[in-house]
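The values are calculated or read from the model by the stated rules, or taken from the named source; none is laboratory data. Source: prediction; values computed, not measured. Note that we place each Cβ from the backbone using ideal geometry, even for glycine, and neighbour counts take in every protein chain shown.
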Amino acid sequence: MICDTIEGFAAALPRDRAVAGLDLGEKTIGVAVSDRRLSVATPLETIRRKKFTLDAAALLAICAKREIGGLILGLPMNMDGSEGPRCQSTRAFARNLERLSDLPIGFWDERLSTVAAERALLEADTSRKRRSEVIDHVAAGYILQGALDRIGHLRRQS
């Protein structure tokens, strides 16, 4: 089920289940996961993209193993807030994934998430080689943490 808003996504989540965040790139998918209380995002791994069926199988295997209750996909908006071809590609990925899974799927504006991840890795004095290995799932962690913070705010208000 694709949720148009983060509020709809939060309402569709099963209780006491973790959420996965995805940073979809052309060559890789960065994956991060939350705790069951939906408070902390942790970068997990990077999936090397092959073709959709294999990518989806790898992703859904992670979801099953970690008892994931929903997916947040980073939406690569343009800096002016408009949606370009990369957003269309992300939405198409979500529609295809929706056919394979009952998990609620939401979107989170990922503008500058990779920049923030790169900055954090530089501040941690991470080598260039190691940065290239982890940047995608660290960016997924930033995307997921933003969504978790918003969900937490919504839950405190209700």
Residue count, segment 55-89 (criterion: in contact with a strand residue (DSSP E or B) (Cβ under 9 Å, 6 or more places away or on another chain), at pLDDT below 95 and either of a type in the set (F, W, Y) or in a helix (DSSP H, G or I) (or both)): 3
Pair list, Cβ < 9 Å and 6+ apart or interchain, from segment 81-95 residues that are under 17 Å from I2 (Cα atoms) to residues that are in a helix (DSSP H, G or I) and not acidic (D, E): F93/F52; F93/A56
Test: residue in segment 104-124 that is in a loop (DSSP other than H, G, I, E, B), at pLDDT 90 or above and surrounded by 14 or more Cβ atoms within 10 Å (Cβ to Cβ): yes
Residue that is surrounded by the most Cβ atoms within 10 Å (Cβ to Cβ) [pool: residues in segment 17-54 that are outside any loop (DSSP other than H, G, I, E, B) and without any contact (Cβ under 8 Å) to a residue 24 or more places away in the chain]: I47
